[in-house]
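The values are calculated or read from the model by the stated rules, or taken from the named source; none is laboratory data. Please read all numbers here as calculations on a predicted model, not as lab measurements. Here the Cβ positions follow ideal geometry from the backbone for every residue, glycine too, while neighbour counts run over all protein chains shown. Just the protein is used for accessible areas: all its heavy atoms, side chains included, with ligands, DNA and RNA removed. Shrake-Rupley method; radii C 1.70, N 1.55, O 1.52, S 1.80 Å.
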Amino acid sequence: MPTPKILPCGDSALTVEFGSTIDPALNAMVLALDEIVRARAPAGLIETVPTYRSLTIQFDPAVTDYDALVRLLDEETKDLAPRHSVGRRWRVPVVYGGAYGSDLEEVAEIHGLTPNQVIEIHSSAVYRIYMIGFLPGFTYLGGLDKRIATSRRVHPRAKIPAGTIMIGGEQAGIAPMDMPSGWHNLGLTPVRPYAPERDPVFLFAAGDEIVFEPVDESRWEAMEKAVRAGEPVAEEVRP
């Protein structure tokens, strides 16, 4: 594993970079350091932000400074071991295609597949949540089968609905709310990764895994009703 790079981000944050690729091993190092920093809670710590391959640390410059945190991080990254523990695994129901997934047929055509083959490939993978970001609860998922990896749309949409199951490049994602997007919409789930009125507000976490379950649209109304009642609907299949 390359030596991590510690980079300043203005006067109140720094970033520890472990690499430049989407790699489970790099992400495991990021999450390991994130756990250590949050557990040690150094003076002035405001927030940690884990990403695919780096950890950003925000701090109060009136309480601590960049040099003090660098000394701490140099110490903690010398013999840092990746976080091998696997997060929770969730089964997320999805209605694919039609009014629920407007780009399914186009993605199938691009790759010389049938829509059912795209659904089978997409729902057969186990996805890792590498990070949460962009919008509250937005899940950046790695693990998309290269057979259906698809470049982003030339013309992004100004608005897609909450719960959209989408792919962009070699990434997959779940829209936590209505949002703009240039990714391709394969389906829709009633599951809400982010719900400020719910406990917990954020359903998923970095390091968790997602599997998608194709379901018939006849189940949509019942699932949506359950979500409105505060149920997660996503099933935790491994704690």
Restricted to the range 84-125 and to residues being open to solvent by less than 70 Å² (accessible area, probe 1.4 Å) and among the β-branched types (Val, Ile, Thr), the residue farthest from residue 27 (Cα to Cα) is 114
Taking only the range 228-239 into account, find how many residues are open to solvent by less than 70 Å² (accessible area, probe 1.4 Å) and either among the small types (Gly, Ala, Ser) or more than 21 Å from residue 127 (Cβ to Cβ) (or both).
2
Regarding the range 212-227, can at least one residue be identified that is within 17 Å of the chain's Cα centre (by Cα), open to solvent by 30 Å² or more (accessible area, probe 1.4 Å) and within 22 Å of residue 101 (Cα to Cα)?
no
Conditions (1) touching a strand residue (DSSP E or B) at 6+ places or on another chain (Cβ under 6 Å); (2) within 23 Å of residue 129 (Cβ to Cβ); (3) of a type in the set (Val, Ile, Thr); (4) open to solvent by 20 Å² or more (accessible area, probe 1.4 Å) -> residue 15 fails only (4)
Checked the range 167-178 for anything assigned to a strand (DSSP E or B) and either open to solvent by less than 10 Å² (accessible area, probe 1.4 Å) or among the β-branched types (Val, Ile, Thr) (or both); matches are 167, 168, 172, 173, 174
Residues located in the range 35-51, provided they are within 19 Å of residue 81 (Cβ to Cβ) and either touching a residue at least 24 places away in the same chain (Cβ under 8 Å) or open to solvent by less than 10 Å² (accessible area, probe 1.4 Å) (or both)
35, 36, 37, 40, 50
Residue 164 passes all but one of the listed conditions (1) closer than 19 Å to residue 88 by Cβ; (2) buried (at least 17 other Cβ atoms within 10 Å of the Cβ); (3) not small (Gly, Ala, Ser); the exception is number (1)
Of the residues that sit in the range 1-12 and are open to solvent by 50 Å² or more (accessible area, probe 1.4 Å) and in a loop (DSSP other than H, G, I, E, B), which one is nearest to residue 68 (Cα to Cα)?
11
So, in the range 201-210, exactly how many residues are of a type outside the set (Asp, Glu) and either crowded, with 24+ Cβ neighbours inside 10 Å or not in a loop (DSSP other than H, G, I, E, B) (or both)?
3
Test residue 113 against the criterion of being part of a loop (DSSP other than H, G, I, E, B) and farther than 30 Å from residue 14 by Cα, and give yes or no.
yes
Failed item, numbered, when residue 198 is tested on (1) open to solvent by less than 40 Å² (accessible area, probe 1.4 Å); (2) among the charged types (D, E, K, R); (3) under 14 Å from residue 132 (Cβ atoms):
(3)
Enumerated strands (runs of 3 or more DSSP E) restricted to the range 117-161, each holding at least 3 residues that are touching an Asp or Glu at 6+ places or on another chain (Cβ under 8 Å)
127-132
Please determine whether any residue of the range 84-93 is in contact with a His (Cβ under 8 Å, 6 or more places away or on another chain) and over 26 Å from residue 47 (Cβ atoms).
no
Give the range 201-239 a look and list any residue that's among the small types (Gly, Ala, Ser) and closer than 25 Å to residue 143 by Cα, or say none.
205, 206, 207, 234
Subset of the range 74-103 [of a type in the set (A, V, I, L, M, F, W, C) and within 21 Å of the chain's Cα centre (by Cα)]
86, 90, 92, 94, 95
